[in-house]
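Sending over a structure as structure tokens; questions will come in a sec.
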Amino acid sequence: MTGQRIGEVSHFFDKINVAVITIKMNLTLGDTVHFLGHGSDFLQKVSSMEIDHEFVDEAQAGQEIAIKVEKPIKKHTNVFLITADE
């Protein structure tokens, strides 16, 4: 498996474990992402994604999204989209 950097965390809401990310590539519900940096290093599937407080199944490059995360993370943590090796 390899990953492509799709953005970084711009804000983290610790009480509800939600990260805000401006993405540089399309992202779909069910995709696997890797959070890496600033004390974080974990993979998770995207199970909940919102744009402007509306649930969405996919987001386009350039949009700011909010996703539920499994662990606390910090601002500026890098986010990678995990893809299968060819």
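Quick one: what pairs do we get from region 32-50, first residue free of Cβ contacts under 8 Å to residues at least 40 places away in the same chain and part of a strand (DSSP E or B), second of a type in the set (S, T, N, Q) and buried (at least 16 other Cβ atoms within 10 Å of the Cβ), C-beta under 6 Å, 6+ apart or different chains?
As it stands, the answer is 40/77, since those pairs meet every condition given.
Take region 77-86 and flag every residue that is under 12 Å from the mean Cα position of the chain (by Cα) and either modelled with pLDDT under 95 or not hydroxyl-bearing (Ser, Thr, Tyr) (or both). First the steps, then the outcome.
Initial filter on region 77-86 (under 12 Å from the mean Cα position of the chain (by Cα)): 77-82.
Listed by number, the residues that qualify are 78, 79, 80, 81, 82.
Which numbered condition in (1) exposed (fewer than 14 other Cβ atoms within 10 Å of the Cβ); (2) modelled with pLDDT under 95 is the only one that residue 38 fails?
(1)
Taking the conditions exactly as written (surrounded by 13 or more Cβ atoms within 10 Å (Cβ to Cβ), of a type in the set (Ser, Thr, Tyr) and out of contact with any His (no Cβ under 8 Å at 6 or more places or on another chain)), does residue 47 satisfy them or not? I'd like the intermediate steps shown before the answer.
On the way: surrounded by 13 or more Cβ atoms within 10 Å (Cβ to Cβ): no; of a type in the set (Ser, Thr, Tyr): yes; out of contact with any His (no Cβ under 8 Å at 6 or more places or on another chain): yes.
Against the criterion (surrounded by 13 or more Cβ atoms within 10 Å (Cβ to Cβ), of a type in the set (Ser, Thr, Tyr) and out of contact with any His (no Cβ under 8 Å at 6 or more places or on another chain)), residue 47 does not qualify.
A follow-up question, please. Report, by residue number, each residue of region 11-35 that is of a type in the set (S, T, N, Q) and either loosely packed, with under 14 Cβ neighbours inside 10 Å or over 15 Å from residue 81 (Cα atoms) (or both).
Let us first name the residues in region 11-35 that are of a type in the set (S, T, N, Q), namely 17, 22, 26, 28, 32.
The answer is 17, 28.
Moving to a separate point now. Looking for whichever is within 14 Å of residue 3 (Cα to Cα) and either free of Cβ contacts under 8 Å to residues at least 24 places away in the same chain or part of a strand (DSSP E or B) (or both) here; the options are 65, 21, 82. Which one fits? Even if it seems obvious, please write down each step before you answer.
Working: 65 fails: within 14 Å of residue 3 (Cα to Cα); 21 fails: within 14 Å of residue 3 (Cα to Cα).
Only one candidate qualifies: 82.
The values are calculated or read from the model by the stated rules, or taken from the named source; none is laboratory data. Note that this is a predicted model, so its numbers are computed, not measured. So basically every Cβ, Gly included, is an ideal-geometry build from the backbone, and we count neighbours across all protein chains shown.
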